[in-house]
Every structure is written in C-alpha cells, then in structure tokens.
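The values are calculated or read from the model by the stated rules, or taken from the named source; none is laboratory data. All of these numbers come straight from a predicted model, not from anything done at the bench. Please note: Cβ atoms are built from the backbone with ideal geometry, for glycine as well, and neighbour counts cover all protein chains shown.
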Amino acid sequence: MPTIKLDDQGLILPPADLRAKLNMKPGDEFVIGGATSDSIFLKKINLRAIFEGVIKEAQKVDLDKLERDVEKEGNQVAREKYKIFAGH
C-alpha cells in the first residue's frame, strides 16, 4: 500500500494507479468522513444521478392520495386527542 502526504494546502493526491483503477477524474465529487480517530473513508458520488433518482421517485408520488392520507392521519390524531379531553 503506497504512502502519500498531505501537502501545504491540505490536499491529498491519490496515486495515479489508484485514480485510474477507480476511474477518478478532475471534477469528480466525493463524500469524506472520519471512520475512526486515525482513519478516513472516501466515497465517490454522482450528485447528478442522485438528484435524477430523487426526482424520478418524487414524480411517482400521488399527491391527491398523499393529501387524503395526511388528512386521515390528522383526523385520527384529533379524535384520539378529543377522547382524552372528553374523559376529563
């Protein structure tokens, strides 16, 4: 496993063979996080694909059904709350 150094600007450059193997290109985006106190994880993400997926799923939502379900749930909560107050 190769060793790399943090440069003066705080940047880390993965070795060329790893960048090629993972098809890393300039402009690619990554999520980075601390796995432990002395290690990090790096995950390549495709924000465009994520947003397109979210939009596709959102388009499947039946807004009329959602509105009915929310109203039904709200009515149920109100009935339960009214029962509590009606008993006192």
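Each residue in region 6-22 was checked for being within 16 Å of residue 42 (Cα to Cα), in a loop (DSSP other than H, G, I, E, B) and modelled with pLDDT of 90 or more, and 7 pass. Taken over region 23-70, the criterion of being in a loop (DSSP other than H, G, I, E, B), in the same structural domain as residue 12 (by TED's automatic domain parsing) and either of a type in the set (A, V, I, L, M) or touching a residue at least 40 places away in the same chain (Cβ under 8 Å) (or both) is satisfied by 24 alone.
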